[in-house]
Structures are given as C-alpha cells and as structure tokens.
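One structure is given here, and the rest of the page talks about it.
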Amino acid sequence: MEGFEYRNPYAAPAAQVVSAPVDHDDGLEPADRGRRLLAYLIDCGIYFAAMLPAVIGALRFKPERGIGALGGSLILFSLVCIIALFVYWCVLMHRDGQSIGKRVMGMRIVRTDGSRASLRRMLVLRYFVPGLVGAIPYVGWAFSLANPLWIFGEERRCLHDLFCDTMVVNA
C-alpha cells in the first residue's frame with residue numbers, strides 16, 4: 001500500500017518544543033540568583049533580629065510566675081519593631097520596588113514591561129496569594145518548594161513573580 005503511513009494511536013505525542021528567546025533589549029537585566037538569595041537572607045536576618053527580643057521574652061515564661069514585666073516589655077518592643085519594619089518595607093516597596101535586602105544588593109522589583117509595580121499588586125499577588133496557596137494542606141508544601149526553584153528557568157523568575165507579572169532586575 002503506497003502512500004499509507006501507519007500511526008500508532010497509543011504513541012506519545014511528538015511535538016517539537018521551542019522556547020522563546022529571552023529578550024533584554026529593554027535594558028532590564030534579571031538579577032542574579034545568588035544576589036537574590038543574599039537579599040532574601042539579609043531581609044530574614046533583619047526580621048530575625050526584630051523578633052529576637054520576643055523570643056527571649058517568651059523563653060522567660062514560667063507557668064507559676066507568668067511572663068513577668070521584663071518578658072512582656074521585650075515582647076512589646078519586638079512587636080513595635082516588627083510593625084515599624086513592615087511600614088518601612090511598604091514605603092520602600094511603594095517608592096522604589098526594593099526591600100532592605102534588595103536595596104543593599106542593588107536590585108528592584110518591576111513589572112515585566114519595565115513599569116513600576118504597585119504596592120497593592122505586590123502585597124496581594126506577590127506575597128498574600130503564594131502564602132495562601134502555601135497554606136493549603138497537602139498542596140502547600142509542594143508549591144512552597146516549587147516557588148523558589150522556578151528561578152532556575154531562563155527568565156530567572158519565581159512562581160510568585162509569574163503570579164504578579166513582576167521581575168527582579170539590577171537597579
């Protein structure tokens with residue numbers, strides 16, 4: 001039978017996948033993965049330092065005598081520090097698209113078209129939604145693992161960057 005080509009209906013599809021080239025002609029160079037990690041660690045260190053007095057105050061708790069005046073004041077001081085850091089973080093994010101760690105490492109968050117990302121977009125889509133998905137039982141751990149690992153793609157964007165349509169670039 002000439003002209004007849006046998007096709008196995010149970011064979012796996014054989015599509016050619018061609019990735020689109022990453023274009024950086026707009027001057028937006030994605031930040032290095034290592035620098036992003038260092039910026040994240042700097043931010044974590046600052047928040048850890050702000051929470052340390054609360055941890056010390058909580059460790060002073062004894063059921064028979066209560067938390068005590070010193071422990072209560074340490075927890076209150078830590079709470080004030082965390083609120084102040086959050087307000088400062090919101091100001092930096094709104095104004096420059098930078099956290100303290102990103103500022104130190106010379107990076108900023110922008111939309112993929114290069115425009116400034118709004119604070120509301122970042123709070124809701126970049127932080128709240130991934131946190132909510134990460135809290136889903138049995139699914140959240142997989143998402144929380146995949147989210148930062150997505151940075152190893154060509155675009156160097158995590159899943160929260162894809163949700164928010166943002167990217168971290170060199171400032």
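The values are calculated or read from the model by the stated rules, or taken from the named source; none is laboratory data. Remember, it's a predicted structure, so these values are computed and weren't measured experimentally. FYI the Cβ positions are ideal-geometry reconstructions off the backbone, even for glycines, and counts take in every protein chain you see. Accessible surface is based on the protein model in full, side chains and every heavy atom, while ligands, DNA and RNA are left aside. Shrake-Rupley method; radii C 1.70, N 1.55, O 1.52, S 1.80 Å.
Only one residue in Val133, Val110 is more than 21 Å from Tyr47 (Cβ to Cβ), buried (at least 16 other Cβ atoms within 10 Å of the Cβ) and free of Cβ contacts under 8 Å to residues at least 40 places away in the same chain. Which one?
Values: Val110 fails: free of Cβ contacts under 8 Å to residues at least 40 places away in the same chain.
When all the criteria are applied, what remains is Val133.
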Q.
Conditions first: (1) open to solvent by 30 Å² or more (accessible area, probe 1.4 Å); (2) under 22 Å from Arg33 (Cα atoms); (3) assigned to a helix (DSSP H, G or I). Glu155 passes all but one, so which condition is the exception?
A. (3)
Q) Is there any pair linking a residue in segment 54-65 that is farther than 23 Å from Ile83 by Cα and modelled with pLDDT of 75 or more to one that is outside any loop (DSSP other than H, G, I, E, B) and of a type in the set (A, V, I, L, M), with Cβ under 7 Å and at least six apart or on different chains, and which? A) none
Q: Return a yes/no flag: does segment 116-123 have any residue that is surrounded by fewer than 16 Cβ atoms within 10 Å (Cβ to Cβ), part of a loop (DSSP other than H, G, I, E, B) and either in contact (Cβ under 8 Å) with a residue 12 or more places away in the chain or not acidic (Asp, Glu) (or both).
A: yes
Q. With Trp141, Trp89, Trp150 as the choices, which residue is open to solvent by 80 Å² or more (accessible area, probe 1.4 Å), part of a helix (DSSP H, G or I) and closer than 19 Å to Arg36 by Cβ?
A. Trp150
Q: Please work out if Val124 is closer than 25 Å to Ala31 by Cα, in contact with a helix residue (DSSP H, G or I) (Cβ under 9 Å, 6 or more places away or on another chain) and among the β-branched types (Val, Ile, Thr).
A: yes
